[in-house]
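**Q** Starting off with a structure, shown below.
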Amino acid sequence: MSPVLDVRDLSVRFDTRDGTVRAVDGVSFALEEGETLGLVGESGSGKSVTNLALLGLVPSPPGVVERGEVLFDGRDLLALPPRELRKLRGDRVSMIFQDPMTSLNPLLTVGRQLTEVLEVHRGMSRRDARKKAAAGLADVGIPAPEARLDAYPHELSGGMRQRVMIAMALLCDPKVLIADEPTTALDVTIQAQILELLQDLQAKHGTAIVMITHDLGVVAGMADRVNVMYAGRVVETAPTRDLFRAPAHPYTRALLASIPRLSSSPDEDLAAIPGAPPDLADLPPGCAFGPRCERVRDACRTAVPALAALRASLRSNADRRAACIDADALHEAGTAAHAAPDGHREDRR
Amino acid sequence: MTPPLLEVRGLTKRFPVGGRSLLGKPRGWLEAVRDVSFDLERGRSLGLVGESGCGKSTTARTIIGLHRATAGSVRLDGEELTGLTRRGWLPYRRRVQMVFQDPYASLDPRQTVASILAEPLAIHGLAKPRDRKLRALALLEAVGLNPRHVNRYPHEFSGGQRQRIGVARALALEPDLLICDEPVSALDVSIQAQILNLLKELQERFGLAYLFIAHDLAVVRHLCDEVCVMYLGRVVERASRDDLFRDPRHPYSRALLSAVPLADPEAEAERRRIVLEGDVPSPTNPPTGCAFHPRCPDRERVPGDLCRAECPSLRARADGRVHACHLEAPAGAAAARIQA
Ligand SMILES: Nc1ncnc2c1ncn2[C@@H]1O[C@H](COP(=O)(O)OP(=O)(O)OP(=O)(O)O)[C@@H](O)[C@H]1O
Ligand SMILES: Nc1ncnc2c1ncn2[C@@H]1O[C@H](COP(=O)(O)OP(=O)(O)O)[C@@H](O)[C@H]1O
Ligand code: SF4
Ligand code: SF4
Ligand SMILES: [Mg+2]
Ligand SMILES: [Mg+2]
């Protein structure tokens with residue numbers, strides 16, 4: 001099956017006073033129908049810029065999309081004229097953001113914003129659009145949807161606004177939904193509602209989702225596959241369970257070991273990662289994780305390691321890749337420890 | 001019996017809202033904190049958890065005198081702190097310090113680290129000017145920063161390093177109690193562990209007590225001996241770390257714990273999540289009776305209209321567990337258990 005979205009070698013830079021920021025550097029991934037791809041990484045690792053670039057929304061200047069292709073329905077979105085792209089956005093490819101107020105207009109009622117989408121993209125009459133909008137609100141679990149159509153965004157709670165934004169994003173039944181930290185600003189009990197809602201809607205409509213988050217728990221529950229980003233590059237990609245069970249890149253391993261868990265022993269120190277994320281305007285030579293990596297050696301500083309298939313994944317069918325000269329050794333050691341009966345389970349303990 | 005380091009009883013804080021009428025009376029009240037009680041012993045950590053707006057920060061700020069308590073008492077080593085004037089507070093200020101969420105906003109950008117760390121010493125007339133510099137160097141060392149950077153300004157440090165400076169400043173006066181309000185939530189994931197380890201190490205080294213506020217329950221579990229779960233201004237459950245995380249009793253605690261996403265795909269696939277309906281109600285217009293009743297999945301199990309009519313008090317049960325629910329031991333507690 002061919003992917004619904006195929007991103008190839010995407011690279012975005014920002015020309016700033018402090019120099020050239022390589023926000024996204026050679027990012028590639030493919031998304032199948034109905035699949036959820038998690039994009040994780042720390043703040044500033046390039047997740048949001050990747051997302052903006054997919055939709056032709058990188059602010060320019062200072063942003064420049066240097067290279068890459070974003071293939072959707074056989075067309076390269078990056079090469080489309082702005083008008084065509086606008087037609088696609090909010091229709092076949094939709095997005096939701098961390099802060100609903102960035103996509104909701106505070107001056108228009110919820111109903112007006114929803115019906116406008118349908119009138120523009122679907123050429124519906126005002127009356128039909130209103131009916132469909134109410135159904136859309138009901139779909140995302142908003143009680144008394146008819147009445148809510150006349151509410152303004154500020155009259156709704158944070159969780160409700162998030163639901164309205166999701167309803168708006170899904171009105172035209174998109175094939176791809178890009179969700180950038182959709183629950184980060186919400187309380188956990190409301191987050192649970194929204195994540196459940198996204199899963200239900202996906203099951204119903206077969207929507208493919210790109211889920212951008214810094215929360216490893218959210219990816220663990222939502223994603224089929226995960227891309228781990230560090231300093232603008234994908235450093236590891238794997239099916240979710242494989243990634244958590246036997247991470248291959250030292251950064252992924254360190255990240256998983258550093259977070260406190262509801263199941264870890266509270267009396268042990270956390271395995272903190274030394275140092276801080278790098279300045280994207282002044283990257284170290286070679287592997288960007290080098291200055292914080294306990295395995296770093298001269299070879300790491302000569303060239304940026306490519307995102308290469310793991311030896312083990314060539315034998316199986318799982319598509320696992322990592323950008324580290326030691327990835328195979330680490331992965332194989334991790335798998336062996338995991339398989340041993342009383343082996344140390346890195347992902348749980 | 002010696003009193004606990006910090007003893008909070010019936011602490012209540014109301015804010016006037018909606019402006020004032022012609023007669024100068026407030027048009028309405030918002031009860032941000034209601035009848036909160038707990039003890040904190042020297043060298044121990046107490047966590048406050050709950051959703052945004054439930055009153056965690058207000059509790060902390062009222063304890064350290066940034067807000068005037070509407071009712072209730074706060075005692076430090078048995079001495080009453082509520083009602084003290086600014087000057088009356090001064091001798092206690094040394095002993096109770098605060099670490100804030102935002103390391104950017106809480107440091108003066110025009111001061112060097114040396115003067116940021118020396119200032120509290122100067123204000124309290126501690127240490128000669130010459131010794132203050134030495135003290136600043138020792139503090140930097142204690143929080144894992146390079147003492148050679150003592151003449152740098154805050155913007156020359158990363159977020160994690162700035163939070164270390166915030167911790168060093170709080171430690172300058174050798175406090176007994178550190179109140180930490182979301183000390184790691186503004187930091188990168190890979191930096192949080194550094195600060196959490198530091199806080200633990202300092203606690204052991206200096207025998208500090210922590211009142212620790214965080215929305216990340218795994219962080220609280222990692223750092224706290226005891227936890228208060230708050231909902232709409234009230235404590236609905238108070239429990240030791242192990243009791244709470246193994247077997248939460250209050251229906252809200254159970255829902256809260258079950259909603260936390262686990263960084264483990266297999267556990268995520270197996271777990272049964274209690275998804276609450278509806279939103280957190282507004283504290284300006286709280287529900288009657290048990291404030292949790294509009295969302296409570298266990299409400300049906302209470303006979304009659306009790307949950308809507310009467311607010312359950314926080315009290316100890318036969319088995320020693322402390323929670324505020326009309327049900328004695330809300331069943332299903334075992335089912336909601338987080339897999340250990
Ligand atoms: N100065 C004030 N005047 C009026 N209302 C206030 C004031 N400070 C806080 N509140 C209200 O009191 C309630 C509790 O707020 P508080 O800041 O203690 O919550 P919190 O638990 O710390 O939340 P968060 O997790 O978002 O930090 C909220 O409804 C808040 O809007
Ligand atoms: N409009 C902009 N101008 C300059 N730099 C930007 C802009 N937007 C993003 N960046 C930079 O690009 C990098 C990646 O940012 P982003 O994709 O937003 O990170 P995140 O992974 O947190 O979503 C960061 O270094 C950020 O500072
Ligand atoms: S390439 Fe070298 S520095 Fe980079 S992650 Fe691998 S071992 Fe560490
Ligand atoms: S008192 Fe009633 S509504 Fe409140 S938590 Fe208990 S069962 Fe639920
Ligand atoms: Mg972002
Ligand atoms: Mg707060």
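The values are calculated or read from the model by the stated rules, or taken from the named source; none is laboratory data. Treat the numbers as computed from the prediction; the structure is a model and nothing was measured. Here the Cβ positions follow ideal geometry from the backbone for every residue, glycine too, while neighbour counts run over all protein chains shown. The protein model used for the area step is the full one, side chains on, heavy atoms only, and it has no ligands, DNA or RNA in it. Shrake-Rupley method; radii C 1.70, N 1.55, O 1.52, S 1.80 Å.
**Q** Quick one: which residue in A:A272, A:A238, A:A254 is at the interface with chain B (Cβ under 8 Å from one of its Cβ atoms), open to solvent by less than 50 Å² (accessible area, probe 1.4 Å), under 21 Å from the mean Cα position of the chain (by Cα) and not β-branched (V, I, T)? Break it down stepwise before answering.
**A** Working: A:A272 fails: under 21 Å from the mean Cα position of the chain (by Cα); A:A238 fails: at the interface with chain B (Cβ under 8 Å from one of its Cβ atoms).
From the options A:A272, A:A238, A:A254, the qualifying one is A:A254.
**Q** Of all the residues that make up region B:281-301, how many are within 16 Å of ligand 1 (Cβ to nearest atom) and either within 14 Å of chain A (Cβ to nearest Cβ) or over 21 Å from A:G141 (Cβ atoms) (or both)?
**A** 8
**Q** Could you please find all residues in region A:73-98 being open to solvent by 30 Å² or more (accessible area, probe 1.4 Å), under 18 Å from A:G206 (Cα atoms) and among the aliphatic types (A, V, I, L, M)?
**A** Matches in region A:73-98: A:M95 only.
**Q** Taking only region A:170-189 into account, find how many residues are open to solvent by less than 10 Å² (accessible area, probe 1.4 Å) and within 16 Å of the chain's Cα centre (by Cα).
**A** Qualifying residue count for the region: 6.
**Q** Which number in (1) in a strand (DSSP E or B); (2) of a type in the set (A, V, I, L, M, F, W, C); (3) at pLDDT 95 or above marks the one condition that B:L30 misses?
**A** Evaluating B:L30 over (1) in a strand (DSSP E or B); (2) of a type in the set (A, V, I, L, M, F, W, C); (3) at pLDDT 95 or above leaves (3) as the failure.
**Q** Right, next: Show the residue pairs that are 6+ apart or on different chains and have beta-carbon atoms under 8 Å apart, the first residue being within region B:253-272 and within 24 Å of B:L314 (Cα to Cα), the second being part of a helix (DSSP H, G or I) and open to solvent by 20 Å² or more (accessible area, probe 1.4 Å).
**A** B:L256/A:V188; B:A259/A:V188
**Q** Now for a separate question. Give the residue, chosen from B:R238, B:R162, B:R205, that is charged (D, E, K, R), free of Cβ contacts under 8 Å to residues at least 60 places away in the same chain and more than 9 Å from every other protein chain (Cβ to nearest Cβ). Quick ask: steps written out before the conclusion?
**A** Details: B:R238 fails: free of Cβ contacts under 8 Å to residues at least 60 places away in the same chain; B:R205 fails: free of Cβ contacts under 8 Å to residues at least 60 places away in the same chain.
Testing whether each residue is charged (D, E, K, R), free of Cβ contacts under 8 Å to residues at least 60 places away in the same chain and more than 9 Å from every other protein chain (Cβ to nearest Cβ) leaves just B:R162.
**Q** Return the total of residues in region A:286-308 being farther than 22 Å from B:N197 by Cβ and open to solvent by 90 Å² or more (accessible area, probe 1.4 Å).
**A** 4
**Q** Among the candidates B:A239, B:A218, which residue alone is open to solvent by less than 20 Å² (accessible area, probe 1.4 Å), out of contact with any Cys (no Cβ under 8 Å at 6 or more places or on another chain), over 30 Å from A:G41 (Cα atoms) and not in a loop (DSSP other than H, G, I, E, B)?
**A** Checking each option against the conditions leaves just B:A239.
**Q** Right, B:E80: in contact with a strand residue (DSSP E or B) (Cβ under 9 Å, 6 or more places away or on another chain) and at pLDDT 90 or above or not?
**A** Values: in contact with a strand residue (DSSP E or B) (Cβ under 9 Å, 6 or more places away or on another chain): yes; at pLDDT 90 or above: yes.
Yes.
**Q** Could you go through region B:175-192 and let me know if any residue there is farther than 17 Å from B:G43 by Cα, open to solvent by 20 Å² or more (accessible area, probe 1.4 Å), within 10 Å of chain A (Cβ to nearest Cβ) and not in a loop (DSSP other than H, G, I, E, B).
**A** Scanning region B:175-192, I find at least one residue that is farther than 17 Å from B:G43 by Cα, open to solvent by 20 Å² or more (accessible area, probe 1.4 Å), within 10 Å of chain A (Cβ to nearest Cβ) and not in a loop (DSSP other than H, G, I, E, B), so the answer is yes.
**Q** Which one of B:V49, B:V17, B:V36 is open to solvent by less than 60 Å² (accessible area, probe 1.4 Å), within 14 Å of chain A (Cβ to nearest Cβ) and either within 16 Å of the chain's Cα centre (by Cα) or more than 16 Å from ligand 3 (Cβ to nearest atom) (or both)? Talk me through it step by step, then tell me what you get.
**A** Working: B:V17 fails: within 14 Å of chain A (Cβ to nearest Cβ); B:V36 fails: within 14 Å of chain A (Cβ to nearest Cβ).
On inspection, the qualifying residue turns out to be B:V49.
**Q** When the residues of region A:191-215 are filtered to those that are within 16 Å of ligand 2 (Cβ to nearest atom) and not hydroxyl-bearing (S, T, Y), which remaining residue is surrounded by the fewest Cβ atoms within 10 Å (Cβ to Cβ)?
**A** A:H214
**Q** Follow-up. If you scan region A:208-228, which residues turn out to be among the aliphatic types (A, V, I, L, M) and within 12 Å of chain B (Cβ to nearest Cβ)?
**A** A:M211, A:L216, A:V218, A:V219, A:A220, A:M222, A:A223, A:V226, A:V228
**Q** If you go through region B:249-280, how many residues are surrounded by 18 or more Cβ atoms within 10 Å (Cβ to Cβ), more than 7 Å from chain A (Cβ to nearest Cβ) and out of contact with any strand residue (DSSP E or B) (no Cβ under 7 Å at 6 or more places or on another chain)?
**A** So the count comes out to 6.
**Q** Now for a different question. What residue, of A:S94, A:S2, A:S28, is within 27 Å of A:L280 (Cα to Cα) and of a type in the set (S, T, Y)?
**A** So the residue among A:S94, A:S2, A:S28 that is within 27 Å of A:L280 (Cα to Cα) and of a type in the set (S, T, Y) is A:S28.
**Q** Output the number of residues of region B:179-210 satisfying the condition of being within 21 Å of B:L139 (Cβ to Cβ) and either within 14 Å of ligand 1 (Cβ to nearest atom) or charged (D, E, K, R) (or both).
**A** Step one: list which residues in region B:179-210 are within 21 Å of B:L139 (Cβ to Cβ), which gives B:179-181, B:183-184, B:187, B:191, B:194-210.
Okay, now just the ones that are also either within 14 Å of ligand 1 (Cβ to nearest atom) or charged (D, E, K, R) (or both), so B:179-181, B:183-184, B:200-201, B:204-205.
Matching residues across region B:179-210 total 9.
**Q** Need at least 3 residues that are over 24 Å from B:L217 (Cα atoms) per element, so show me which helices (runs of 4 or more DSSP H) inside region B:251-318 make the cut, counting only ones lying wholly within it. Full working, then the answer.
**A** Details: elements: B:251-259, B:265-270, B:306-309.
Passing ranges, in order: B:306-309.
**Q** To continue, here is another question. Output the qualifying pairs, or none if there are none: Cβ atoms under 6 angstrom, residues six or more apart or on different chains, first residue in region A:98-125 and among the hydroxyl-bearing types (S, T, Y), second residue open to solvent by less than 60 Å² (accessible area, probe 1.4 Å).
**A** A:S103/A:F97; A:S103/A:M165; A:T115/A:A129; A:T115/A:A133
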